[in-house]
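Okay, structure first, notes after.
Values quoted throughout were computed directly from the atomic coordinates according to the rules given, and no laboratory measurement underlies them. Note that the coordinates shown come from a computational prediction; the quantities given were computed from them, not determined experimentally. Please note: Cβ atoms are built from the backbone with ideal geometry, for glycine as well, and neighbour counts cover all protein chains shown.
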Amino acid sequence: MNPIQFNRRVLLGEAGLGFGTLALNALLQSNSVAHADHSKTSHQQGAHFPSHVKSVIFLFMSGGPSHVDTFDPKPTLTKLEGEPVPASIVGNVPNIPRSGVNSKLMASPFSFQKYGQSGIEVSDLLPETAKHVDDLCVIRSLNHRIPVHGPGECVTLTGSGLGDRPSLGAWFTYGLGSEAENLPGFVVMSSNTTGPAPQRPGWGTGFLPARYQGTLIDDQRGVPYSKLPDLYSTDDRRKQLNFIHWMNQQHLTEQASNSELEARIESYELGFRMQMTAPEVLDLTTETSHTQQMYGIDQKPTAEFGRHCLLARRLVEQGVRFIQLRNGGWDAHGALKGNHTNRAKATDLPVAGLLQDLKQRGLLDQTLVLWGGEFGRTPTTEGNRTGDSRGRDHSPAGYTMWLAGGGVRGGQVIGTTDELGYVPVERPLSPHDLHATLLHSLGLDQHKLTYLHNNREEIPTVLGGEVIQEVF
Amino acid sequence: MIDAVDCKRIISSSFLLMMISLSDLNGAYSLFAAEKSDHIAEERFQDLDLFRLSSNSVDSKGWLGPWITSRILPPQIVESPLKTTETSRQDVLILGTGDRNNPLRRQLAETFTDEELFVGYRFLYEPDEIAATQTDPEFFILWLDRTDGSDRAVHNSQVPNIGVHLADRGPSRSKNVFMVRFGSQQTAWSHRELEPGKTYHVIARVSKEVPGERNDYSQLQLWVDPTAEDADQPLLTLNKQQGINQIRWAGFATGVKTEVEDRIRVGDLILSRSWDDVYNFLQSDSNHSPGQSSQSMPQQLVWKEPIDFRDDIYPILKERCFDCHAGEFPDSGYRLDVRNEFLGYSTGEAFVLPGNSRRSHLIDVLTSRADDGRMPPDDEPLSEIQIAKFRAWIDQGLAWDDELLPAPKVESDHWAFQRISRPEVPRTIPATQQAHPIDAFIVTRQHEHGIQATESASRRILIRRLYLDLLGLPPTIEETESFLNDNSPDAYDELVEQVLDSPHYGERMGRFWLDLARWGESQGFQHDIPRPFAWRYRDYVINSFNNDKPYDQFLKEQLAGDELKNQSDETLVATGFLAAARISGNQMDKEIQRTEVMFDIVDNTASALLGLTLECAQCHNHKFEPLSQRDYYRFLAFFSQGQMGNLKLKQAEQIPAEEIKNWFSKSSYNFYLSEAKKLKINPAEYEPHTWGFYSPVTGNSDIEFLPVVNRSPLPYSPEFLKRQQTSILVRGVPGSPGLPVEPGWPAVLGTVPSELSPTPRQALSDWLSSPENPLVARVWANRIWQSHFGRGIVSTPSNFGTHGSLPSHPQLLDWLASELLSNGWSTKHLHRLIVTSNTYKQSSRLIPKSLEQDPENKYLWRWPQRRLEAEAIRDSVLVATGELNRKVGGPSIPPQHVEEQLRRTIYLTQRRSELPDVMTMFDAPDGIKSCSRRDVSTVALQPLYLLNSPFVVSRAKKLAELIQADAGQERSTQVEAVFLRTLGREPTEIEKRQAVSLFSDPSNQVDISEETSEDMQLIQFCHAMLNLNEFVYLP
């Protein structure tokens, strides 16, 4: 047969194959993806100022991990166990529904210890993460006003509670493209999906073109539909693709110029490369057993999140721009002690493994890791439960997240909440500030990253947000 | 100029002014001199050791602890320019750092949470050389916060900032002006530019619109260098913002724009409970001695004579107001050349209360001393006499001269708003061509532009095109063969009839309608709880198209199915069009929840049926269409007495509750059940019902409304709905009703009879389908055209307004619309006309010269090939393998049952957050907004789906089985058979050679897997064919 062999370099070099440059540009610019309407992009991809940080790993703990039980110790809370909230504190709490100021205070069932050189306190829920505390920049003063999961998740991941704007990951892939030629530039994985449902806008594109959306990957199955069916060998598939390509070229010849058809032809090659690369990347058996243990893949409770964390590192190695790991089930309205013990057990070791692994491979500097949920939890018990059945309600008025890697100055705490953990009393910060900080870390100027939509220059932080300078 | 007569007619009355001023203050603050006890904290910066004090106790000036200075760059104490020969005075000098800095801050003795706080300070920006030559962006603020914010902190989100900044928008853009803000996203810019070298007294009021310790400071007002009488005349007001709820710290901050060269002098800081206290404190420190009023009380003139509109008012309006406030699209959005508009007719927002000038907003804006509030803006204020005349005019009843300024007729010469008149079919085409009217229009335009068109497509292509286009399914081999063998002259026309009679036509055309209706089988938003019986509407749509239900009737049933005399189960199901709106499950504010549904219904109905962007008039009069805010809310009034919900059906069969679980994914069904349980609803007890829209006020009274399952459902109360009176929402905000309105359509489209009840939505649909309606027939004819050619004659199918695209063939569009009207609104009639034209039957061959002349193919010189929609791709695969279950209608199929019921894609469950993969990958809409035309995107995940999804692999296996059975073991015979089944044609010789060479042993030996007895290579070949561009393109 007429062997129809080509690869991207050949195509790039030889316009003679009849590929419209438009179609090619659309595909190449945006990591494996093209869109018929590529004229709307009003931004030239690339950083606005130099940065050695290349990727973001967002460890999104959905449901709302309790800050007063993890990274924000409150001895006063222990002292006032079972008491009503003092009037002096009640007055500080913004008037948001379900802030629980009329309930009784609940001491943390966990104890705190100082760790590392920095001596930052972490609860005994997270002993493994605590070992890396000198790499963490703990922000104890986050706050917003949305006490509901769905909109809260949307505000954390898109900046707007309505979920009608592009997700952070979409802005990053739009702004910087991706260095992963054979993988999606924005990858999402979801573990322990109990509790509030994942919010699509969290990896959606809003008004940005569809090609910037996050790809939801299953750690067992990989990129959607990337598993070569059993009846194929790779050679079979290559031959098949060559035939498809040849037929499509014949078809194109009759049509002459048609950038849409050309883009579709090219998408088969890109899809193939993605398919070839993805299983390799997702195949964790090539990792040493030591590495696997480091992430807890060998133990049942930590296996799932451990795989996701290890995959995150492998995706970073491939140049994937934005990796979002969603871990559900932190919504401890009741039985907080049991709930958080389980959630922590499932995630602590994997997170620590990820930090350690990134560090020892010299990847931590170029990877910004972010940990936290859509809000924290109230210092009070929710309702009238007693004993270990007690839990806490949602607290957007004050909560903790941490950053690591990516040029972040570790071993520091930013912001303080009041003595009970209700509201920030020092350096209050919003999710939008965090977004601005993330963009800044990767060399993007939040005011210059624009997209023309409905005749309006949209920016990622249109609802506010300023770079938290002291993070770096 | 005041002439002698005028002077006599004027009396002065300073007493009156006092009365007005006091009553206008709402008791918030007083004009009288403040008591010292109003003081909260003060600082004159006169102590030389100021920053060295380390006391942590409360001091007599109202502070706790010392001033805290920044380690990044602390302020300095310098001599003040206010120094006199008698007194030595000093200022604090703050220098810029080119970055965030908090040079100076201090804690209050007590946390402040009262309703309002006044703050004042004195400052001066020293002149520098750069600023003299160019605009040098500046930034300097006083902030009030709960926290001290550290040396570098950003007192940004929700924190009151009072100072100067470079305006990034509005009339002051690119100027350094005074401003107030709660964080950077909520700034109010003044017009007052910062002048270096000038000493300013800045006063601000921070207040809570809803008092309460834990409520937000939500309002900021600003005064710059006010006089003693300016307490009620702020320069700027910023309302309804999200702010902090308590104030414990005050301080100054510089920013990125405050460069190292910048030198700012600050003195005299005060926080107080009264404006006068702040004012006096600042005054007493300047060259003015305290208590000495800078100006005497201004006197207010009163016009005592009767007002003559033509002589007294009109000239002022004309000279001072009409530049921005007259004509159809006034720059300001508000017009004052229409009497009604003073009363808020179109916007709901009244400027004048006749008989009461004191409560008339118009007088406030004329007399305001605020830069951003006074009219006319950027200009001299009206004279005292002119203002006095305006007061008198209002107090005397707002007389008008209708001859001088007649009430305007709302009219437009925009093409789409003109009545449709049937154009003559052009006769200028060459006599050789059979004159199909459509071709006559098309060829005429081509001739005008000298464009050459292609020849007809082959019959093989024609049948494939016709099937895919009208049915969304390719023809079977038998169907193709039978057409090719029919040599009768009317073979094609008969084929057209056959295709239009197919029950699959409704599934194809119906899907486009569902796109427009933003239909889905769930409530949407966060919880997205299933709406189990929404599928009945999908079937209603399919059946309506299959029966060629007249389009006017189709609309009437969907808009007013509950109001009709001959209401039936079918018409109730039809209201699913209105009820396709999403509704939030966790919106606790029921007014907002209801209003959002109404907005959705109005926007969607106007867009889908009228092709109007009415949604732009939700908050203000449309900026470029002759559509007012009043039009929007009158349209909304058609729907405001109704509600979406489960409506009982009379004839439908009872469906056992356990059946419903087969319609949704397991998890979504379980979620639905658990939510139902929380509401103590048992869906199993429901009688047969549909998801529809019903008004107990205007709809038939025998309709039963069953409970709705949602996290926090909208309560259903006929009494409440009966009381619903629609008002214009001022600036589109729920909870701020303006003038009440009655139901009506946009005034520009025709007069609304005074009486539309008792069934207003029926009246709406009657109007929609009346021959006078200029839009409905055009919009629908254009959508039908678009369904065939991929692009409408108007390429913005849901925007026929002045900013929509112009029609490429206006005459043809009107002719098609006329055909629709004169043929009983038959949709199939239009399809028939279009698909029998030569224009439709053209090949897609390229003519280089024509391509050069018309690269977009606007004049249709060739057939526009395009990729099939998600549904048509998946359905085509099922036809190729002969597996398609052609059953029409019924409940939807969830993912777990797809493989056992290989139904058309339109029947796959459409829970909005859980759409089938094939739909999300191939650009199907998400059921949130009306979709009038699908995008075609090309992404690498699409080939992965077609190459690797178990669904497509199974189809390839099935196809291979069929081929083996039909075509035997010979490779070349197999190849031919696969080509026929997938592409509807035989392979060319070279294609056949290429295909055969794919097989490892081209010598016709079959490689059968020993384990499965599957012919792997044949499967792979079949699979390849399902991936070809030719397979997924409409030829």
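Only alpha carbons enter this Debye calculation for segment A:8-471, each as an equal point scatterer, and the log10 of I(q)/I(0) it gives at q = 0.11, 0.14 Å⁻¹ is -0.87, -1.30.
Annotation: the antiparallel percentage among DSSP beta bridges lying fully within the protein assembly as shown is about 80. For a straight C-alpha distance cut-off of 18 angstrom, the lysines reachable from residue A:74 (same-chain residues fewer than eight places away being disregarded) are A:104, A:114, A:337.
Excluding same-chain neighbours fewer than eight residues apart, the aspartates and glutamates reachable from residue B:887 by a Cα-Cα span under 14 Å are B:507, B:539, B:875, B:900. Note on B:252-262: average number of Cβ atoms from other chains within 10 Å of each residue's Cβ is 0. Mean per-residue shielding of peptide A:88-100 is 3, counting Cβ atoms of other chains within 10 Å of each Cβ.
Within chain A, DSSP assigns beta bridges of which about 50% are antiparallel (rounded to the nearest 5). Helical content alone sets the calculated 222 nm signal of chain B at -9000 deg cm²/dmol, taking -39,500 (n - 2.57) per DSSP H segment of four or more residues and averaging over every residue. By the equivalent-ellipsoid construction on the alpha carbon gyration tensor, the protein assembly as shown comes out with semi-axes of 60, 44, 30 Å, ordered largest to smallest. For segment B:824-902 versus segment B:197-270, the spacing of their alpha-carbon centroids is 63 Å.
If you find the alpha carbon centre of segment B:566-645 and of segment B:960-992, how far apart are they in angstrom? What the calculation gives is 53 Å, centre to centre. What shape does chain B take by its C-alpha gyration tensor, where a ≥ b ≥ c are the square roots of the eigenvalues and a/c under 1.5 counts as rounded, a/b above b/c as prolate, and the rest as oblate? Taking the square roots of the gyration eigenvalues as a ≥ b ≥ c, chain B is prolate.
Return the distance in nm (one decimal) between the two label points of a simple spin-label model at residue B:711 and residue A:207, each offset 7 Å from Cα along Cα→Cβ. Taking the two extended label points, one gets 2.6 nm. Under the combined filter of DSSP loop state and at most 15 neighbouring Cβ atoms within 10 Å, segment B:898-993 retains these GluC sites (Glu not before Pro): B:899, B:900, B:970. For the residue pairs A:227/B:958; B:556/B:650; A:227/B:666; B:549/B:858; B:590/B:722; A:239/B:992, the alpha carbons lie more than 22 Å apart in A:227/B:666; B:549/B:858.
I want to make sure I understand the PRE zone here: with the label point 7 angstrom from the Cα of residue B:323 toward its beta carbon, which residues in segment B:377-394 have backbone N atoms less than 16 Å away? Of the residues in segment B:377-394, B:377-383 have backbone N under 16 Å from the label point off residue B:323. Sorting B:674-681, B:691-698, A:128-135 by their mean Cβ neighbour count within 10 Å, with the most densely packed peptide first, gives B:691-698, A:128-135, B:674-681.
Expressed in nm to one decimal, what extension gain is obtained for the pair residue A:462 and residue A:285 from 0.36 nm per residue of sequence separation less their Cα-Cα distance?
So the extension gain works out to 59.3 nm.
Taking a point 7 Å from the Cα of residue B:493 along the Cα-to-Cβ direction, the residues of segment B:825-857 with backbone N closer than 18 Å to it are B:828-841.
If you take the Cα centroid of segment A:48-121 and the Cα centroid of segment A:299-331, the two points sit 24 Å apart.
Only lysines eight or more places from residue B:304 in sequence, or on another chain, were considered; those with a Cα closer than 26 Å are B:8, B:318, B:389. Only loop residues by DSSP count here, and only those with at most 12 other Cβ atoms within 10 Å; note down the chymotrypsin sites (Phe, Trp or Tyr not before Pro) in segment B:777-871 that meet that. When the chymotrypsin sites (Phe, Trp or Tyr not before Pro) of segment B:777-871 are filtered for loop state and at most 12 Cβ neighbours within 10 Å, nothing remains. Qualifying GluC sites (Glu not before Pro) in segment B:150-237, where qualification requires a DSSP coil assignment and no more than 15 other C-beta atoms within 10 Å, comprise B:209.
If the chain linking residue B:61 and residue B:126 were pulled fully straight, counting 0.36 nm for each residue of separation and taking away their Cα-Cα distance, it would gain 20.6 nm.
Put in order of Cβ neighbour count within 10 Å, fewest first, the listed residues B:393, B:767 become B:767, B:393. Using a simple spin-label model with pseudo-atoms 7 Å out from Cα toward Cβ, residue B:399 and residue B:653 lie 7.7 nm apart. By other beta-carbon atoms within 10 Å, ranking A:232, A:225 with the fewest at the front produces A:232, A:225.
Computed from the C-beta positions of residue B:242 and residue A:52, the FRET efficiency with R₀ = 45 Å rounds to 0.75. Look at the stretch A:247-254: the mean tally of other chain Cβ atoms within 10 Å of its residues' Cβ atoms is 5.
Helices in chain A, meaning DSSP H runs of at least 4 residues, each add -39500 (n - 2.57). Divided by all residues, the mean residue ellipticity at 222 nm is -10000 deg cm²/dmol.
For residue B:619 and residue B:547, what does the FRET efficiency come to when R0 = 41 Å and r is the distance between their Cβ atoms, rounded to the nearest 0.05?
Efficiency for this residue pair is about 0.50.
Legend: calculated FRET efficiency, residue B:78 to residue A:469, from the Cβ-Cβ distance at R0 = 41 Å, rounded to 0.05, equals 0.90.
Is the shape of segment B:336-409 rounded, prolate or oblate, going by the alpha carbon gyration tensor and its root eigenvalues a ≥ b ≥ c, with a/c under 1.5 for rounded and a/b larger than b/c for prolate? Prolate.
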